[in-house]
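J.: The structure under discussion is supplied below as structure tokens; questions concerning it will follow.
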Amino acid sequence: MTRAILAILRRDLAISLRAGGGAGIGAIFFLSVVMVVPFAIGPDQKLLSQIGPAILWVGALLASLLGLERIFGADAEDGSLDLLLLSPLPLEIAAFSKALAHWCATGLPLVIVAPLLGLLLGVEMKGLGAVTLMLLIGTPAIAFLGLIGAALAASLPRAGLLIAVLIVPFTIPVLIFGTAATAAAITEASPFGTAFKFLCALLLFSAVIGPVAAAAALRIGRGA
Amino acid sequence: MTALHSMFVAWAYGFAAFVLCALIVWIALDYRTQRKKLAELEAHRAEKK
Amino acid sequence: MRLTASGISCARGGRTLFTGLSFALSDGELMLLTGPNGSGKTSLLRQIAGLLPLESGSIVCEGFEREEETHFVGHLAAVKDALTVSENLAFWVELYGGNAADLAGVLEKFRLDRLASLSARVLSAGQRRRLALARLAAIRRKLWLLDEPDTALDAEGRAMLVGVIAGHRAQGGTVVMASHGTLDAAPSQEISLAEVMRTAAA
Amino acid sequence: MPKTPRMKFSELANPNRFMRMAWWMIPLFAALAALLLAWGLYLGFQAPAERDQGITARIMFVHVPSAWLALGIYSAMAVAALGTLVWRHPLADVAQKSSAPVGAAFALICLVTGAIWGRPTWGTYWEWDGRLTSMLVLFLIYLGIIALWRAFEEPLSAAKAVAVLTLVGFINIPIVKFSVDWWSTLHQPASVFRLDGPTMHASYLHPLLISALGFSFLAAAMIIAAMRTEVLRRRVRTLNIFAAGEAR
């Protein structure tokens, strides 16, 4: 079983890291979103540093939703999805591993880039640490929720934007508790308050419902 | 003051009526076009037999 | 090992392709599916594989677990261009739990050994087909479902495929193959979906 | 009603029985709706203007029922989604597809009337009040469902995909509701404005219930009418395929 999971992780990571894989594209989009905001709001450093964490969260959320089409889209096109369905590895676990691989390729770079972009917005040290930690928990949750959208639109060509539209409402709790946990970490002493606990709960919840719903969507989709 | 308030009430009910009427009209039009298409297809099938 | 299908039917996009189809397969048999394009050969193969739900009727397998013992080679070769030839095959072997030891031997058998470290992007259609078929040898499975496996294969490739199928049947394996009769693989049974469609339509 | 040809390939289990039922149900429900709404609103506008909210409280008779209907129709869609996935009843996905726009319309009405109702007190056109924001998210989910319907060409695969999305939404709505409520208490010290009023005076409760019933019958009539059209649309699509098949 673990051999199969590692095989999926290695393959998907290899594909996204190699040319045309689109691993870093999320981080570049994240940069462009964060870069655009000061132009809209104006260079007022005090204001920017105040809303900096919120901008980072919105940018990370949008960037995570971008690459979701790649999770199942390519496999549906070249026939690998049929073989995934027939493999001894349960589909739920295969979906889980594909979401994890997708998060490593697009989610993790966002977490790594976040503190640098935070500097751009003048967010102080404490804030940078808080945002990075909370994004580290929030982005996988978004990836697991996005997995459902990717599975729903697996057989549709060019469904990237559709997936994002479908999944945004379900990522709102992650955004609310993520930003609240970040703010709490900045203002209060201990960063692990109620909002943080809710954020972790959301991660565990989506890590379960994501793969299960995605597997159901794939099985049903293939049957049509 | 009450004139202003009743204006709000009028706006609210006006909008609700507008949305509901638009929906009813859309459903009626859609029904009519589907029936027309169905009639055409059946006429085509009948005369081909 | 026996696989019996009774009274299965299939409809695609609202049109009935075939109804009331029954057949039985046991060890060492090769069933040939023939019929014009769109007569439902692929849909039938997908139903046997369990990828497509049955409209009606049933497929019963005795002596083996269909999910763990089926190979499905469809029109699409499931080859990832970003990976090399050996990486492609190695992935399926890892995922399906085959033995990774004789990968080199399998690649050589399908004349892909020289291309092993090349990216799959450079492969021709025939070579992609051979890479897809290499999965059959690398991972031991009883029931082979092949959808026009000889497309894009040259004469030598077809001869190699006939040999592989014969070898599998000799070891007690079963094969269901959809083809346009371009492969003389001595089928033990043949179902022409064109006739089944005519009897159903009458 | 043209005599519909006997379909060899049964596209829907018992469409003709449903079509005959629809024929008399739609006018009946529409008439009931008109009657109840007229009566409810008449009663409502007779009631004395409430002390602190003045006349605008009368918006409640359209705002509150549309909120109930937006949620009620979504729950009905979740049941229809089960109908499609579990019991494989073909009329279930017709019901699913037809009720989405009606549900979305009531969610939109609830949003706009809520904003207008709050306008004199909040002083702004939009206030991130917990309930209204949750309704906004529900409206977004409705739009997502309608978008997914339109993304598929083939109705059967569309129905299953949308059924999964509806059920996933059904599980997530309470979570979104809770998060938004928690979030809305963050920003405002206390919600100074109670949309549905501290205690419901009888003279307001009766008209509210009557108009809610009226709106429900109106929604039912619209959904059944939309279902009737959807059945015809599928028959047209099948005939087209059939004609294409014969032309081969």
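J.: Is it the case, given these coordinates, that C:PHE18 is aromatic (Phe, Trp, Tyr), farther than 28 Å from C:ALA134 by Cβ and either surrounded by 17 or more Cβ atoms within 10 Å (Cβ to Cβ) or outside the structural domain of C:ALA152 (by TED's automatic domain parsing) (or both)?
T.: So C:PHE18 fits the description; yes.
J.: Then there's this: Select from the stretch A:158-174 the residues that are surrounded by fewer than 20 Cβ atoms within 10 Å (Cβ to Cβ) and in contact (Cβ under 8 Å) with a residue 40 or more places away in the chain and list them in ascending order.
T.: If the condition is that a residue be surrounded by fewer than 20 Cβ atoms within 10 Å (Cβ to Cβ) and in contact (Cβ under 8 Å) with a residue 40 or more places away in the chain, then A:ARG158, A:GLY160 are the ones that fit.
J.: Residues in the stretch D:73-128 that are more than 17 Å from D:ARG228 (Cα to Cα), assigned to a helix (DSSP H, G or I), more than 11 Å from every other protein chain (Cβ to nearest Cβ) and touching a His at 6+ places or on another chain (Cβ under 9 Å): how many?
T.: Summing the residues that are more than 17 Å from D:ARG228 (Cα to Cα), assigned to a helix (DSSP H, G or I), more than 11 Å from every other protein chain (Cβ to nearest Cβ) and touching a His at 6+ places or on another chain (Cβ under 9 Å) in the stretch D:73-128 gives 1.
J.: Moving on. Test A:LEU152 against the stated conditions and say whether it is touching a residue at least 24 places away in the same chain (Cβ under 8 Å), facing chain D (nearest Cβ under 8 Å) and of a type in the set (A, V, I, L, M, F, W, C).
T.: For A:LEU152, the condition - touching a residue at least 24 places away in the same chain (Cβ under 8 Å), facing chain D (nearest Cβ under 8 Å) and of a type in the set (A, V, I, L, M, F, W, C) - is met.
J.: Taking the options C:SER117, C:SER39, C:SER56, C:SER86, name whichever one is at pLDDT below 90, outside the structural domain of C:ILE191 (by TED's automatic domain parsing) and among the polar types (S, T, N, Q). Please lay out each step first, then the result.
T.: Working: C:SER39 fails: outside the structural domain of C:ILE191 (by TED's automatic domain parsing); C:SER56 fails: outside the structural domain of C:ILE191 (by TED's automatic domain parsing); C:SER86 fails: at pLDDT below 90.
Going through C:SER117, C:SER39, C:SER56, C:SER86 in turn, the sole match is C:SER117.
J.: Out of curiosity, is C:THR84 of a type in the set (Ser, Thr, Tyr), surrounded by 15 or more Cβ atoms within 10 Å (Cβ to Cβ) and in contact with a helix residue (DSSP H, G or I) (Cβ under 7 Å, 6 or more places away or on another chain)? Outline the logic, then answer.
T.: Details: of a type in the set (Ser, Thr, Tyr): yes; surrounded by 15 or more Cβ atoms within 10 Å (Cβ to Cβ): yes; in contact with a helix residue (DSSP H, G or I) (Cβ under 7 Å, 6 or more places away or on another chain): yes.
Here the answer is yes, as C:THR84 does meet what is asked.
J.: Identify the residue in the stretch A:174-193 that is among the aliphatic types (A, V, I, L, M) and touching a Phe, Trp or Tyr at 6+ places or on another chain (Cβ under 8 Å) and, among all such residues, is nearest to A:MET125 (Cα to Cα). Full working, then the answer.
T.: Of the stretch A:174-193, the ones among the aliphatic types (A, V, I, L, M) are A:174-176, A:180-181, A:183-186, A:189.
Imposing the further condition that a residue be touching a Phe, Trp or Tyr at 6+ places or on another chain (Cβ under 8 Å) reduces the set to A:175-176, A:180-181, A:184-185.
Numbers: A:LEU175: 21, A:ILE176: 22, A:ALA180: 18, A:ALA181: 16, A:ALA184: 14, A:ALA185: 12 Å.
It comes out as A:ALA185.
Residue-by-condition table, conditions (1) at pLDDT 90 or above; (2) of a type in the set (A, V, I, L, M):
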position	(1), (2)
B:MET7	no, yes
B:ALA12	yes, yes
B:PHE15	yes, no
B:CYS21	yes, no
B:ILE24	yes, yes
B:ASP30	yes, no
B:ARG35	yes, no
B:GLU40	no, no
B:ALA43	no, yes
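J.: Something else about it: When you go through A:ALA63, A:ALA27, A:ALA95 one by one, which is the residue that is modelled with pLDDT under 90, closer than 21 Å to A:VAL174 by Cβ and not in a loop (DSSP other than H, G, I, E, B)? If you could, list the steps in order and put the result at the bottom.
T.: Numbers: A:ALA63 fails: modelled with pLDDT under 90; A:ALA95 fails: modelled with pLDDT under 90.
That would be A:ALA27, the only listed residue that is modelled with pLDDT under 90, closer than 21 Å to A:VAL174 by Cβ and not in a loop (DSSP other than H, G, I, E, B).
J.: Are any residues in the stretch C:165-181 surrounded by 20 or more Cβ atoms within 10 Å (Cβ to Cβ) and free of Cβ contacts under 8 Å to residues at least 40 places away in the same chain, and if so, which ones?
T.: C:HIS168, the sole residue that qualifies.
J.: Still on this structure: Please state which one of C:LEU44, C:LEU32, C:LEU51 is modelled with pLDDT of 85 or more, of a type in the set (A, V, I, L, M, F, W, C) and part of a loop (DSSP other than H, G, I, E, B).
T.: Of C:LEU44, C:LEU32, C:LEU51, the one residue that is modelled with pLDDT of 85 or more, of a type in the set (A, V, I, L, M, F, W, C) and part of a loop (DSSP other than H, G, I, E, B) is C:LEU51.
The values are calculated or read from the model by the stated rules, or taken from the named source; none is laboratory data. Computed from a predicted model, the values in this text were never measured in an experiment. Because the Cβ atoms are built from the backbone with ideal geometry, glycine has one as well, and the counts that use them run over all protein chains shown.
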